[in-house]
Amino acid sequence: MLGNECLMPSSRTGVYPNKRETVVRRMTTSNGAVDVAFRGEASVELDASTSRGRARSELPISGVTLEEDRLVGAIGDGEADLFTDTSNGSITIR
């Protein structure tokens with residue numbers, strides 16, 4: 001994590017070589033925005049929420065629960081789980 005930006009490798013880069021493994025990533029902050037930027041093609045089940053801010057994605061999400069403060073759905077094949085939340089700040093997925 002660099003400043004407020006977190007770069008996460010995609011599952012297609014070989015970081016999660018076995019699809020049967022359960023890979024869970026959780027990012028939480030109390031104050032500050034969360035900016036998730038994938039390298040390569042993203043493949044996650046996403047659950048992103050904020051108490052005081054907005055949650056948005058620049059990537060297409062299927063099976064979406066979309067509210068101003070919460071995003072739930074799959075990006076790509078959903079090979080890994082990604083949970084992110086913040087109390088005071090917005091969440092951007094790109």
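Rounded to whole numbers, the Karplus 3J(HN,Hα) couplings from phi for region 66-77 are 10, 10, 4, 10, 8, 10, 9, x, 9, 10, x, 7 Hz, using 6.51 cos²θ - 1.76 cosθ + 1.60 with θ = phi - 60°, and x at Gly and Pro. Each residue of region 57-62 is assigned a 3J(HN,Hα), and the resulting list reads 10, 8, 9, x, 10, 9 Hz, derived from the Karplus form 6.51 cos²θ - 1.76 cosθ + 1.60 (θ = phi - 60°), x at Gly and Pro. Residue exposure proxy: Phe38, Phe83, ordered by other Cβ atoms within 10 angstrom of their Cβ from fewest to most, comes out as Phe83, Phe38. Annotation: amide H of Ala33 within the under-5 Å range of Ser90, sequence separation 5 or more or interchain, hydrogens built in the peptide plane. Distant-in-sequence amide contacts of Met27, defined by a placed amide H-H separation under 5 Å and a gap of 5 or more residues or a different chain, comprise Phe83, Thr84, Asp85. Extension gain for the segment Glu58 to Asn88, taken as residue separation times 0.36 nm less the Cα-Cα distance, is 8.7 nm to one decimal.
Values quoted throughout were computed directly from the atomic coordinates according to the rules given, and no laboratory measurement underlies them. Keep in mind that what you see is a predicted model, and the values were worked out from it rather than measured. With ideal geometry, Cβ positions are generated from the backbone for all residues, glycine too; neighbour counts draw on all protein chains shown.
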